[in-house]
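> Quick one: the structure is below, and I'll ask about it shortly.
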Amino acid sequence: MIKLENIDKVYRTARVETLALHNINLDVPSGEFVSVMGPSGCGKSTLLNLIGLLDRPTAGTLAIDGQNVETSERKLARVRNEKLGFVFQTFHLVPDLKVIDNVEIPLLYRKMSGAQRRKLAAAALDRVGLSSRMQHFPTQLSGGQQQRVAIARAIVGKPRILLADEPTGNLDSAMGDEIMDILHELNREEKTTIVMVTHDDRFARRTDRIVRLFDGRRVA
C-alpha cells in the first residue's frame, strides 16, 4: 500500500542544508496500523508529509497503492483527494462553518451533487458518533468532539490510507482513548491503512507496529 525506498529529504536555504530524512526504507501493507515514534525534530512529520504527498523526496522512490508518485501536481492532488485522509494535532476546522459543512469540504473537489455530499458527510459524522452535532459550530464543541469532526472530514471520501499526526496530542487521556478507539474501528472494520505519528507509548503499543526514527534515520 505504501512503499518508500532509499528516501532522503534535504531542506536547503542560501546558507544552510538540513538533512531531515536519510535512507528511509518502509513498506506498509494494506490494512496495517503503524505508529511512528522518535524525539522532536527526528523527521516524523516530514515522513508523514512525504507519504501524504504534501512534499516530495529529494532522493529515492515513493509509491502509494502501487503507483509511483513522481508525477504532475494535478495527479498528486487527485491521489491526495481520493486515496488519502489527514488528521492533525490541531483540528483545522473552519470556525464559521457548521460541523457538517466542515466535513463536506474534501468532497467539493469531486464531481457529485450537493445532496450526495450531504449524505456522505452525515454518514461520516454518524461513524464518529456526532450525528446530533451536525448543525453546531466548532466553537460549540469540546476538543475531543472537534477531533472527531476532523476524523469525519478525513474519512468522508472513504480513503484507503489515513495519516494522523499526533491526533491525541491536544487531548486529555480519556479523550485520547476515544480517538484511538475510533481509529482502531476504522482500521478493523473498514480495513483502512493508518500511519500515526505519536509521542505516547501507550497509544503506540496499541498499533500493529512501531517505526522509530532518530536524527532522520530509521532505527527500528
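The values are calculated or read from the model by the stated rules, or taken from the named source; none is laboratory data. Just so we're clear, the structure is a prediction, and the values are computed from it rather than from any experiment. FYI the Cβ positions are ideal-geometry reconstructions off the backbone, even for glycines, and counts take in every protein chain you see.
> Considering only residues that are part of a loop (DSSP other than H, G, I, E, B) and surrounded by 13 or more Cβ atoms within 10 Å (Cβ to Cβ), which ones fall in region 174-216?
Let us first name the residues in region 174-216 that are part of a loop (DSSP other than H, G, I, E, B), namely 190-192, 198-200, 205-208, 215-216.
Once the filter is applied, which keeps residues that are part of a loop (DSSP other than H, G, I, E, B) and surrounded by 13 or more Cβ atoms within 10 Å (Cβ to Cβ), region 174-216 yields Glu190, Thr192, Thr198, His199, Asp200, Arg206, Thr207, Asp208, Asp215, Gly216.
> Within region 30-57, how many residues turn out to be at pLDDT 95 or above, of a type in the set (Lys, Arg) and either over 12 Å from Gly216 (Cα atoms) or in contact with a Cys (Cβ under 6 Å, 6 or more places away or on another chain) (or both)?
Count: 0.
> Report, ordered by the first and then the second residue, all pairs with beta carbons closer than 9 Å, sequence separation of six or more or different chains, a first member in region 176-192 that is on the phi > 0 side of the Ramachandran plot, and a second member that is among the small types (Gly, Ala, Ser) and loosely packed, with under 14 Cβ neighbours inside 10 Å.
From residues that are on the phi > 0 side of the Ramachandran plot, the pairs are Lys191/Ser30.
> When you look at Ala150, is it in a helix (DSSP H, G or I) and either touching a residue at least 24 places away in the same chain (Cβ under 8 Å) or at positive phi (or both), yes or no?
So Ala150 fits the description; yes.
> Could you tell me which residue of region 1-22 is surrounded by the most Cβ atoms within 10 Å (Cβ to Cβ), considering only residues that are of a type in the set (S, T, N, Q) and either within 21 Å of the chain's Cα centre (by Cα) or farther than 20 Å from Ile64 by Cβ (or both)?
Thr18
> To continue, here is another question. Just to verify a result, which residue in region 41-54, among those that are over 14 Å from the mean Cα position of the chain (by Cα) and in contact (Cβ under 8 Å) with a residue 12 or more places away in the chain, is surrounded by the most Cβ atoms within 10 Å (Cβ to Cβ)?
Across region 41-54, the extreme among qualifying residues is Gly43.
> Hey, another quick one. Applying the selection to region 102-147, what residues are hydroxyl-bearing (Ser, Thr, Tyr) and not in a loop (DSSP other than H, G, I, E, B)?
Tyr109, Ser131, Ser132, Thr139
> Need the failing condition index for Ser35 against (1) without any contact (Cβ under 8 Å) to a residue 60 or more places away in the chain; (2) in a strand (DSSP E or B); (3) closer than 18 Å to Leu162 by Cβ; (4) of a type in the set (S, T, N, Q), just the number.
So Ser35 meets the others, but not (1).
> Just give me the residues in region 58-75 being at pLDDT 85 or above, outside any strand (DSSP E or B) and under 18 Å from the mean Cα position of the chain (by Cα), in sequence order.
Result: Asp65, single match.
> Here is a follow-up. Please work out if Leu171 is more than 14 Å from the chain's Cα centre (by Cα), at pLDDT below 95 and surrounded by fewer than 18 Cβ atoms within 10 Å (Cβ to Cβ).
No: the conditions fail for Leu171.
> OK, next. Given the conditions (1) more than 15 Å from the chain's Cα centre (by Cα); (2) among the small types (Gly, Ala, Ser); (3) over 30 Å from Asn6 (Cβ atoms); (4) not in a helix (DSSP H, G or I), and given that Ala220 satisfies all but one, which numbered condition is not satisfied?
If we test Ala220 against (1) more than 15 Å from the chain's Cα centre (by Cα); (2) among the small types (Gly, Ala, Ser); (3) over 30 Å from Asn6 (Cβ atoms); (4) not in a helix (DSSP H, G or I), just (3) comes out false.
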